[in-house]
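Structure first, commentary second.
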Amino acid sequence: MDVKKTGLYEIHVALGAKMVEFAGFIMPIQYNSMIEEHRAVREKVGVFDVSHMGEIEIKGPRALEFINYLCINDASKLEVNQAQYTAMCYPDGGIVDDLICYRLQDHYLLVVNASNTEKDYQWILENRIDGVNINNLSDSITQLAVQGKPAETILQTLTSINLSAIQFYWFAKGQLGDVEMIISRTGYTGEPGFELYFDRIHSKQIWNRIFDAGKNMGISPIGLGARDTLRLEKKYCLYGNDIDKTTHPLEAGLGWITKLQKEAFIGKEALVKAKEAGLKRKLVGFMCEGKMIPRHYYDIVKDNHKIGYVTSGCYSPVLDKNIGLGYVEISQSEIGNNIVINARGRELPAQIVKTPFL
């Protein structure tokens, strides 16, 4: 399969970004030090090219009914211009993907993970009902995430829309930088900011307008490396690491988006049974001693007994500690529990801590 390029590929190369293949795209992993980029978002403002994400449009008279059958959250609660974090499950309760559902005036937009776009699209097609039109828009849309405390101030200079009136997980449609787009107060960093969706043909124009507007506020381009460490500090799940087809939403800490009182949806029966039986394991956060970073699938041990495994780990530049997520037996999931991470034969002392880490 040919590797795809976003509409900003040439700009990333010109900026000296380290480019890597990710989810079928060639993407910037970092421009400078990942730690510096991480701190730039926490302390100033950064811009991410996340155009590799997937966008799937759902239209038709039964669009809401279909989305509520497909997803575990309750889309009937959405008002026009509101977004909702949700997920799709297999019949056994395993997670197909986590995603954001946007309710527009006459249709819905599902924004899915880059690595899952084609799989998700096929899953949606396989489960379609009459009265629904499905369209994969992914290749035609550029998505930028502008994250950090000055994000609103910078973007407000480019639009007449009152950005301060957009609440968390709401959005507006209109012009920014003379281009029609969705301006969404969402993000994957835990910082104030927006995600912008617009036609790919305007990619470079909007990128340049944003950087011109933010040049006196320390604005920086940020790669996918820092995006991962930023999300982990906030305990935002990453599909393929913390959630996948072998995990269900309740054990992943996503019970708050799992509306079991809804009418039938894919996976409901399995999730109801899992809740009634009681959780066997739980996704927890932990903090390590020492300099070694906990890696995906390292064993988590207690009293020489394996109690789980690591799903994500990184160095936290803000905490100056190594942190991680992992599934552990429910009886061992209490905050304050001392555990050991088996790092290829080396033992890393760690402790289960309250999340988010920040």
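The values are calculated or read from the model by the stated rules, or taken from the named source; none is laboratory data. Predicted model, so just to flag it, every value in this text is computed and none were measured. Heads up, the Cβs are rebuilt from the backbone with ideal geometry, glycines too, and the neighbour counts pull from every protein chain shown.
Does residue 20 fit the bill of being crowded, with 19+ Cβ neighbours inside 10 Å and either closer than 24 Å to residue 152 by Cα or at pLDDT 95 or above (or both)? So residue 20 fails the test. Looking at the structure I just gave you, is residue 232 more than 30 Å from residue 51 (Cβ to Cβ), modelled with pLDDT of 95 or more and not in a strand (DSSP E or B)? Spelling it out, it is not the case that residue 232 is more than 30 Å from residue 51 (Cβ to Cβ), modelled with pLDDT of 95 or more and not in a strand (DSSP E or B).
The residue pairs whose first member lies in the stretch 75-101 and is over 17 Å from residue 268 (Cβ atoms), whose second member is among the β-branched types (Val, Ile, Thr) and assigned to a loop (DSSP other than H, G, I, E, B), and whose beta carbons are closer than 8 Å, counting only pairs six or more residues apart or on different chains, are 83/186; 100/186.
Could you identify the single residue in 80, 45 that is modelled with pLDDT of 95 or more and either hydroxyl-bearing (Ser, Thr, Tyr) or in contact with a Pro (Cβ under 7 Å, 6 or more places away or on another chain) (or both)? Break it down into steps so the answer makes sense when it comes.
Details: 80 fails: either hydroxyl-bearing (Ser, Thr, Tyr) or in contact with a Pro (Cβ under 7 Å, 6 or more places away or on another chain) (or both).
Just a single option satisfies the conditions, and that option is 45.
Filtered by the rule that a residue be crowded, with 16+ Cβ neighbours inside 10 Å, out of contact with any Gly (no Cβ under 8 Å at 6 or more places or on another chain) and among the charged types (D, E, K, R), the stretch 240-272 gives 242, 251, 259, 262, 268. Filtering 103, 62, 39 for residues that are modelled with pLDDT of 95 or more and crowded, with 18+ Cβ neighbours inside 10 Å leaves a single hit, 103. Hey, among the residues in the stretch 309-323 that are on the phi < 0 side of the Ramachandran plot and in a loop (DSSP other than H, G, I, E, B), which one's surrounded by the most Cβ atoms within 10 Å (Cβ to Cβ)? Checking each candidate, the answer is 317.
Residues are listed down the side, and each one gets a yes or a no for (1) out of contact with any Phe, Trp or Tyr (no Cβ under 8 Å at 6 or more places or on another chain); (2) polar (S, T, N, Q); (3) part of a helix (DSSP H, G or I); (4) touching a residue at least 60 places away in the same chain (Cβ under 8 Å):
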{"site": "117", "(1), (2), (3), (4)": "yes, yes, yes, yes"}
{"site": "120", "(1), (2), (3), (4)": "yes, no, yes, yes"}
{"site": "129", "(1), (2), (3), (4)": "no, no, no, yes"}
{"site": "145", "(1), (2), (3), (4)": "no, no, no, yes"}
{"site": "153", "(1), (2), (3), (4)": "yes, yes, yes, yes"}
{"site": "197", "(1), (2), (3), (4)": "yes, no, no, yes"}
{"site": "211", "(1), (2), (3), (4)": "yes, no, yes, yes"}
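Could you tell me which residue of the stretch 255-272 is nearest to residue 129 (Cα to Cα), considering only residues that are assigned to a helix (DSSP H, G or I) and of a type outside the set (Gly, Ala, Ser)? Ranking the qualifying residues of the stretch 255-272, first place goes to 268. Filter the stretch 1-30 for residues that are in contact with an Asp or Glu (Cβ under 7 Å, 6 or more places away or on another chain) and in a loop (DSSP other than H, G, I, E, B); which is nearest to residue 204 (Cα to Cα)? Among those that are in contact with an Asp or Glu (Cβ under 7 Å, 6 or more places away or on another chain) and in a loop (DSSP other than H, G, I, E, B), it is 8. The sole residue among 306, 291, 282, 275 that is part of a loop (DSSP other than H, G, I, E, B) and of a type in the set (Lys, Arg) is 291. Within the stretch 65-81, restricting attention to residues that are crowded, with 16+ Cβ neighbours inside 10 Å and in a helix (DSSP H, G or I), the residue that is farthest from the chain's Cα centre (by Cα) is 65.
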